[in-house]
1. Does residue 376 satisfy the condition of being closer than 26 Å to residue 289 by Cβ, under 23 Å from the mean Cα position of the chain (by Cα) and surrounded by fewer than 18 Cβ atoms within 10 Å (Cβ to Cβ)?
2. Taking the options 343, 400, 392, 324, name whichever one is under 17 Å from residue 293 (Cβ atoms) and in the same structural domain as residue 6 (by TED's automatic domain parsing).
3. Any residue in region 217-235 that is more than 18 Å from residue 61 (Cβ to Cβ) sitting within a Cβ distance under 6 Å of a residue that is at pLDDT below 95? List the pairs, counting only those 6 or more apart or interchain.
4. Return yes or no: is residue 134 modelled with pLDDT of 95 or more, buried (at least 24 other Cβ atoms within 10 Å of the Cβ) and either outside any helix (DSSP H, G or I) or not assigned by TED's automatic domain parsing to the domain that holds residue 216 (or both)?
5. Go through region 343-422 and tell me which helices (runs of 4 or more DSSP H), entirely inside it, have 2 or more residues that are closer than 18 Å to residue 326 by Cβ.
6. Report, by residue number, each residue of region 331-341 that is touching a residue at least 24 places away in the same chain (Cβ under 8 Å), assigned to a helix (DSSP H, G or I) and more than 21 Å from the chain's Cα centre (by Cα).
7. Quick check: is even one residue across region 13-27 surrounded by fewer than 16 Cβ atoms within 10 Å (Cβ to Cβ) and closer than 22 Å to residue 264 by Cα?
8. If we keep just the residues of region 174-197 that are in a loop (DSSP other than H, G, I, E, B) and out of contact with any helix residue (DSSP H, G or I) (no Cβ under 6 Å at 6 or more places or on another chain), which is nearest to residue 298 (Cα to Cα)?
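The values are calculated or read from the model by the stated rules, or taken from the named source; none is laboratory data. Please read these numbers as outputs of a predicted model, since none were measured by experiment. Don't worry about glycine lacking a Cβ; one is built from the backbone with ideal geometry, like all the others, and counts go over all protein chains shown.
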């Protein structure tokens, strides 16, 4: 039978015997929201907020999370504030880059829209610039929280963010737009280092969809709370259905509205499977989710949850812009076949990019992973993955029954039975 897998802006058509397909894993059918409905919810919330505020900082995602459609919603927020009498000089847009690079002029227009970029002040957060950071307190995890100066000097904060499963935080969005989004480098590193135990092994509660007992999440909530409990704030939570449509939005309190969005994601995107498969064919979901390897491996982590140890994973991700993070790439090469050594290294000096590499290396040890990508074959093999120039023959060689996951970033497989041998 024919199977279509997203690849950049197109689809790859694969031929696979129906007897080999255990299931195509996709989100449960979700509502589809029209933009007008979303606008009404946002406008009502801003109207209620404005009387107690004279200056606003709007926090938005960086270029790696454009599925949130931040330009649409940021433009609306600025328009509503303007209509309510807030002058442009009292509005600042802060791009929550975390430890990523700042946005270029072209990327800023993509993130916030041309009208907003020309109308109000735009700041790229720089986690390395100490003079633009303010200390807010220390969490119970001994994390000293420094945040961008812009939020210290404003009355009210509006966060525009998306919610989906996250490798170490359980779920993205919400408090994550503060920590790590606008936090200092040391604050970010201390938080993320909670994902590794002192012996260099992964913390058992640091995983997608798990919030309770997850120290990374707990520290993020504490750190973000230092700011958001002291400032008037509003959080716009956006959930994408995996097919480029809006499926859910909540607008409200920074904590409770985010939790509502997390519950929605878990209900519709955590997919129960009857048993582990012999293989999986997975794509992040096409462009922009497969623009770089560093971001697209989220889909690989999800796919690994539905495959028997030693099984095959065919990872289909275009990566038109390459690997996407040099530190991540270097760690894959330097510690190839040595994930335990990298884990020990991370306990001494943590890096999120190296932690992602560590997680990938652990998967390469457990599964037979072939990367189908625009990345040159020599680089693919250097990174530790297998490569194939003949996808059709690779598909025909698959043994047993497995899963097809066209939108792997948006689906978290959940086996009904736990295979302790994994």
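1. Considered against the rule, which asks whether it is closer than 26 Å to residue 289 by Cβ, under 23 Å from the mean Cα position of the chain (by Cα) and surrounded by fewer than 18 Cβ atoms within 10 Å (Cβ to Cβ), residue 376 comes out as no.
2. That would be 324, the only listed residue that is under 17 Å from residue 293 (Cβ atoms) and in the same structural domain as residue 6 (by TED's automatic domain parsing).
3. What qualifies is 232/52; 232/53.
4. no
5. Here the list reads 352-366, 377-382.
6. Within region 331-341, 333, 339, 340 meet the criteria.
7. Within region 13-27 (the criterion being surrounded by fewer than 16 Cβ atoms within 10 Å (Cβ to Cβ) and closer than 22 Å to residue 264 by Cα), the answer is yes, since at least one residue qualifies.
8. 181
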